[in-house]
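Working notes, beginning with the structure itself.
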Amino acid sequence: MIDSGIAFLAPHLCSGCGNLGVLLCGSCKNDIMDEPFLLCIACGIGLPGANGICRVCDVPYDRAWCVADRRDHLQRLIGNFKFTNAKSAYKPLADLLDSYLPELPRNTIIVPIPTVSSHIRQRGYDHMLLVARHLGRLRKIPLDTGLYRTSTTQQRSASRGQRITQAKTAFACKQSLDPTKIYLLVDDVVTTGATIKYAAQTLKDNGATSVWVASISRQPLD
Ligand SMILES: [Zn+2]
Ligand SMILES: [Zn+2]
């Protein structure tokens, strides 16, 4: 386990093996890719169909991908990115999504899940915007940053029930969306699934007809 102080001073240690060089070495990236997330992204339990969603879950998005469980190397990489100022972690995280996602249609638009503004202030950067932008560069896909948070409530310490209630009214769109486009919501961690659900619902309420979801990780159920 990398101590957060060390990671801050020496950001180019691999979050997996601790070797000097990059934040995620090739071997540790392979470890993550070798154990992909295989369950339904919405409930974390059911076996998904080809669209990544199980038959029980009724969600406002049409397809979903999730790279892996949030544990081991990936948990530390995301932790370093969000909590120890390892800003350049957006590159290996976007690279994981790029390696994992299939080829996307030309009419796809990337929409980052908006970060809580107090977290942007604490970190000095909008971590999801950085990931989404880099993924857009790698895939030559444009970004739409019109989805925003209507509240500044913090999720980190909230209970499961509080998170779901907060998420319900958390989002709005700056402008109406193009029904001929596919909007790909990009998130780092799916926990209850409430955030992606209500973010996707907001996109559909504002004119989107196709909403897809790509998450880097899902919090394992204990
Ligand atoms: Zn490594
Ligand atoms: Zn499900």
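The values are calculated or read from the model by the stated rules, or taken from the named source; none is laboratory data. These numbers come from a predicted model, not from an experiment. Counting neighbours? That spans all protein chains shown, and the Cβs are built from the backbone with ideal geometry, glycine included.
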message = surrounded by 17 or more Cβ atoms within 10 Å (Cβ to Cβ) and under 19 Å from LEU203 (Cβ atoms): is that true of PRO105 in this structure?
response = no
request  = Give segment 74-98 a look and list any residue that's at pLDDT 95 or above, surrounded by fewer than 20 Cβ atoms within 10 Å (Cβ to Cβ) and either touching a strand residue (DSSP E or B) at 6+ places or on another chain (Cβ under 8 Å) or under 16 Å from HIS119 (Cα atoms) (or both), or say none.
outcome  = GLN75
task = Report the residue count in segment 84-107 for those that are among the hydroxyl-bearing types (Ser, Thr, Tyr) and either assigned to a strand (DSSP E or B) or farther than 22 Å from TYR183 by Cα (or both).
result = 2
In segment 201-222, residue nearest to the chain's Cα centre (by Cα) [restricted to those that are over 16 Å from LYS174 (Cβ atoms) and small (Gly, Ala, Ser)] = SER215
inquiry  = With the structure loaded, tell me whether LEU101 is within 16 Å of ligand 1 (Cβ to nearest atom) and out of contact with any Leu (no Cβ under 7 Å at 6 or more places or on another chain) or whether it fails that test.
reply    = no
request  = Those residues that are more than 12 Å from ligand 2 (Cβ to nearest atom), at pLDDT 95 or above and buried (at least 18 other Cβ atoms within 10 Å of the Cβ), I need them from segment 17-57; list them, please.
outcome  = LEU24, CYS25, CYS28, LYS29, ILE32, PHE37
Filter result for ILE110 (under 13 Å from the mean Cα position of the chain (by Cα), assigned to a loop (DSSP other than H, G, I, E, B), away from ligand 1 (no atom under 16 Å from the Cβ) and closer than 25 Å to ASP126 by Cβ) = no
ask   = Listed residues ALA86, ALA42, ALA64, ALA50; which is farther than 22 Å from LYS168 by Cα, touching a residue at least 12 places away in the same chain (Cβ under 8 Å) and among the small types (Gly, Ala, Ser)?
value = ALA86
request  = Exactly one condition in (1) modelled with pLDDT under 95; (2) among the hydrophobic types (A, V, I, L, M, F, W, C); (3) closer than 18 Å to MET128 by Cβ is not met by ALA68; state its number.
outcome  = (1)
query = Filter segment 38-71 for residues that are farther than 29 Å from CYS17 by Cα and of a type in the set (Lys, Arg); which is nearest to ligand 1 (Cβ to nearest atom)?
reply = ARG63
